[in-house]
């Protein structure tokens, strides 16, 4: 029985003191050999079409200055996040992307690597980004401070956005589901319809948040070139 509403995000399932919650993040490795069949099935064709569309999208965002193959890291990032988001929609499976330990571990190294690469190889370009074009001379010191702060909070906003969206939907589903035993038959039927609608919405959120995370990471990467 849950002690509170947030205990469903508590990584407490273990065998011999080994946490089993994070195993849901690596279950996708079992599907990889499935994609290497000689004759692909419909799911393989669909997934390849999605990846090709993402590759074109990220290539456009990176522009002509992007390095060859640089879109693959963002496609892999999207694939990993969307898989973990969908795994969390199944019953009794731990949602790893609802924890800051997971989301910040994805966002912080990416942002830090972009910053280190940009300041070492394109120092003048990075300084120019701190002052938007057409800023009056009086406002320049303030704009530098604002741009610097907004730059530093980027990994935090990426991590919090993903984790908060995953937590919010799951909490709403759990909160509504826990009221079921105290309802009569009519309200239970309405509750089931509402839960199915919310589950559909959460499926869309799982895809959208993965796409937003990958696109913003791509945009941050394109700024340092």
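Every number in this text was worked out from the coordinates using simple rules, so none of it is lab data. Note that the structure is a prediction, hence the values are computed from the model and not measured. We place every Cβ from the backbone using ideal geometry, glycine too, and count neighbours over all the protein chains shown.
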>> Can you compute the radius of gyration and Dmax for the chain, using only the Cα atoms, both in Å?
In response: 21.4, 69
> For the range 83-128, what log10 I(q)/I(0) values come out of the Debye formula at q = 0.23, 0.27 1/Å, with one point per alpha carbon and no solvent?
Replying inline: -0.77, -0.90
> What length, rounded to one decimal in nm, is gained on full extension from residue 188 through to residue 50, with 0.36 nm per residue of separation minus their alpha-carbon distance?
Replying inline: 45.9 nm
>> Once you place label points 7 Å from the Cα toward the Cβ at residue 140 and residue 128, how far apart are they in nm?
In response: 1.5 nm
> Efficiency by 1/(1 + (r/R0)^6): what FRET value for residue 207 and residue 22, r their Cβ-Cβ distance, R0 = 35 Å, to the nearest 0.05?
Replying inline: 0.95
> Pick from 134, 88, 177: which is most flexible by mean-square fluctuation in a GNM of the chain where alpha carbon atoms under 10 Å apart are linked?
Replying inline: 134
>> If R₀ is 25 angstrom, what is the calculated FRET efficiency for the pair residue 43 and residue 197, using the beta carbon separation as r and rounding to 0.05?
In response: 0.50
>> Starting from 0.36 nm per residue, how many nanometres of slack lie between residue 92 and residue 151 once their C-alpha separation is accounted for?
In response: 17.5 nm
